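Inspection log for the structure reproduced underneath, given as structure tokens.
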Amino acid sequence: MVWHPAVVVVGIDGSERSLRAAQVAADLARVHSARLVIVTVVRPPEGWWGIVGSPPPAEALASSMSEAQKGILDVAMHGLDLDGLEWEATEEIGDPASALSDVCRDRDADVLVVGRRGAGVLERLVIGSVADRLTHYAPCPVMIVP
Ligand SMILES: Nc1ncnc2c1ncn2[C@@H]1O[C@H](COP(=O)(O)OP(=O)(O)O)[C@@H](O)[C@H]1O
Ligand SMILES: [Mg+2]
């Protein structure tokens, strides 16, 4: 049987590297006439749960996040060549690796594309923690773009 992806998912965090991964994902999807799902995950601020003692109302969280998310998605949309592609962009809130895995499961993804590094600042790491964790528990094949 020939592997022929119908759904390609890519995670973008606003970094140059994740945009490179997104272009690889877009080109892969185009070659296979696959659908491209572009995912941005924003973490809730540290301590939000701790201080309040219970999760914030989804609405409050969503409104505080939407500006940052919009920025990331806007920049990505401008730099990406999505010509001839069926694509969608989705914004998630939560832990990036878990949320990306959930989206892959939801959409029945055939491949998940991520950068080897992202917007993190821990330069001693060879591979980012999100990319690393996904190689351990993503529900589909993972393509790591250096
Ligand atoms: N919040 C996020 N939303 C979507 N994708 C993400 C997110 N964080 C990381 N990724 C994906 O994982 C790749 C690696 O990032 P990461 O593991 O976080 O490395 P770093 O530690 O350098 O930030 C990114 O290039 C991107 O494709
Ligand atoms: Mg990161």
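The values are calculated or read from the model by the stated rules, or taken from the named source; none is laboratory data. The structure presented is a predicted model; accordingly, all values stated were derived computationally and were not measured. Here the Cβ is made from the backbone with ideal geometry for all residues, glycine too, and neighbour counts use every protein chain on show.
What the table shows:
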item: So D95, is it within 13 Å of ligand 1 (Cβ to nearest atom) and surrounded by fewer than 16 Cβ atoms within 10 Å (Cβ to Cβ); result: yes
item: Meets criteria (over 16 Å from V39 (Cα atoms) and at pLDDT below 90) for A62; result: no
item: When residues of the range 1-39 are limited to those that are closer than 16 Å to D83 by Cα and of a type in the set (S, T, N, Q), the one farthest from ligand 1 (Cβ to nearest atom); result: S33
item: Subset of the range 103-132 that is small (G, A, S) and either more than 8 Å from ligand 1 (Cβ to nearest atom) or touching a strand residue (DSSP E or B) at 6+ places or on another chain (Cβ under 7 Å) (or both) - its residue that is farthest from V8 (Cα to Cα); result: A131
item: Residue identified as within 14 Å of ligand 2 (Cβ to nearest atom), under 16 Å from V7 (Cβ atoms) and either touching a residue at least 12 places away in the same chain (Cβ under 8 Å) or of a type outside the set (D, E, K, R) (or both) among L100, L85, L125; result: L100
item: Residue within the range 133-140 that is near ligand 1 (Cβ under 9 Å from one of its atoms), over 19 Å from V8 (Cα atoms) and free of Cβ contacts under 8 Å to residues at least 40 places away in the same chain present; result: no
